[in-house]
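First up is the structure itself, then whatever we jot down about it.
What follows is calculated from the coordinates using simple rules that are stated; it is not laboratory data. Worth saying up front: this structure is predicted, and the values here are computed from it rather than measured. All Cβ positions, glycine included, derive from the backbone under ideal geometry; neighbour counts span all protein chains shown.
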Amino acid sequence: MACEQAVQDAAVTAEPFRCSTRSLALGEEMTGTASHVHRWLLLEHPGPWGRNALADSRLPPAVCLRLRDFTLAGVRCLLIRRHGRTPPGGGTRVVVASTAPGDTWMEGADLAGPEALLDIEVEGLRRGRRPGLVPMTDPVYLVCTHGRHDACCAERGRPLAATLAVEYPDQTWECSHIGGDRFAANLVCLPHGIYYGRLTPSAGLEVAAAYADGRLDLDHLRGRSGYAFAAQAAETFVRRRFALTGIDDVRALGQRPDGDVTEVRLAARDGERYTVRVRRDAAEQARLLTCHAQHPAHPPRFQLSADAPES
């Protein structure tokens with residue numbers, strides 16, 4: 001009985017599993033883990049957000065169907081809200097953005113309600129056509145706080161959102177799931193689609209200030225969403241090797257996959273050219289990739305297949 005009671009007591013007092021804590025303990029590399037997205041649609045909705053935010057959001061049925069249409073067309077749809085869940089009744093903010101290489105832009109508007117989303121053409125946005133809203137020049141900071149999807153996003157994301165909202169009240173939004181729960185707190189910077197992970201509130205302020213100044217923080221960088229995963233990794237490797245932190249300092253020219261190795265060609269703003277061979281393999285140790293995962297997995301990782309990038 002004493003042994004059984006000890007086991008029960010241990011179960012009660014044990015810390016709950018958190019995928020972000022485990023990922024950090026394993027030293028998992030974040031390079032090349034940004035979701036590959038070219039078109040974005042952000043719709044303000046204070047919540048509550050269910051596990052599947054778009055389907056369980058209590059939005060009007062017609063709006064949910066339109067969001068589904070956008071998603072099927074390859075547009076990344078996110079729900080956004082101000083930190084503290086601004087009460088409804090003050091209008092609905094919508095932001096559309098393109099993070100495709102060579103076609104980066106962002107527009108927004110305050111709608112009378114979510115139903116006005118139906119006026120935005122699905123096919124037009126899929127093809128990268130601007131919907132004719134108000135052009136936006138200031139950065140937008142998206143912090144994933146989708147706790148119903150993963151506890152780490154709420155526990156680590158909300159303090160980051162609270163801190164950024166003080167410094168950038170008009171540019172900071174909490175958002176639904178953006179991918180990479182185990183790297184929480186996660187931040188996406190638009191219009192360039194730059195993903196950052198494992199941000200503390202203080203680190204988040206530094207990252208946001210650097211982005212507003214046209215620079216990238218290479219320590220927390222996950223990747224640029226406009227590029228495929230191998231190109232994200234190659235860009236990061238070149239930036240770190242040569243300390244290139246300007247947003248436009250490096251651009252990918254093309255890539256050629258060959259099995260598990262992808263050859264990526266990149267250009268620097270100073271005229272230099274680089275060819276980087278990136279190898280994709282699986283992490284040796286399996287781990288639960290989210291707090292709700294039932295089975296461990298070996299996530300992909302990217303490494304240089306040669307000693308260094310070649311110019």
- [ ] Work out the length of the dipole vector of segment 55-143 about its Cα centre, built from +1 on the beta-carbon of each Lys and Arg and -1 on the beta-carbon of each Asp and Glu, and round it to the nearest 20 debye.
- [x] 260
Task: Inter-centroid distance (Cα atoms) of segment 31-110 relative to segment 113-138, Å - done: 11
Task: Dipole in debye (nearest 20) - segment 228-304, about Cα centre, beta carbon charges: Lys, Arg +1; Asp, Glu -1 - done: 40
Task: Rg/Rh ratio calculated on Cα atoms of segment 131-230 (Kirkwood radius) - done: 0.95
Open item on the list: Can I get the semi-axes of segment 39-212's equivalent ellipsoid? Compute them from the C-alpha gyration tensor as square roots of 5 times the eigenvalues, in angstrom, largest first.
Closed with: 23, 19, 15
Open item on the list: Charges on Cβ only, +1 for Lys and Arg, -1 for Asp and Glu, centred on the Cα centroid of the chain; of Val143, Ala53, Ala165, which one is farthest towards the dipole's positive end?
Closed with: Ala53
- [ ] Read phi for every residue in segment 43-58 and hand back ³J(HN,Hα) as whole Hz from Karplus 6.51 cos²θ - 1.76 cosθ + 1.60, θ = phi - 60°, with x for Gly and Pro.
- [x] 10, 6, 7, x, x, x, 9, x, 4, 9, 4, 5, 7, 10, 9, 6
Open item on the list: So for each of 150-156, 240-246, 196-202, 167-173 I average, over its residues, the number of other beta carbons within 10 Å; can you give me the resulting order with the highest mean first?
Closed with: 150-156, 196-202, 167-173, 240-246
TODO: Take every Cα-Cα distance within the chain, group them into 20 Å bins from 0 onward, and report for each bin the whole-number percent of pairs it holds.
DONE: 31, 56, 11, 1
Task: Mean-position separation - Cα centroids, segment 223-252 and segment 287-306, in angstrom - done: 22
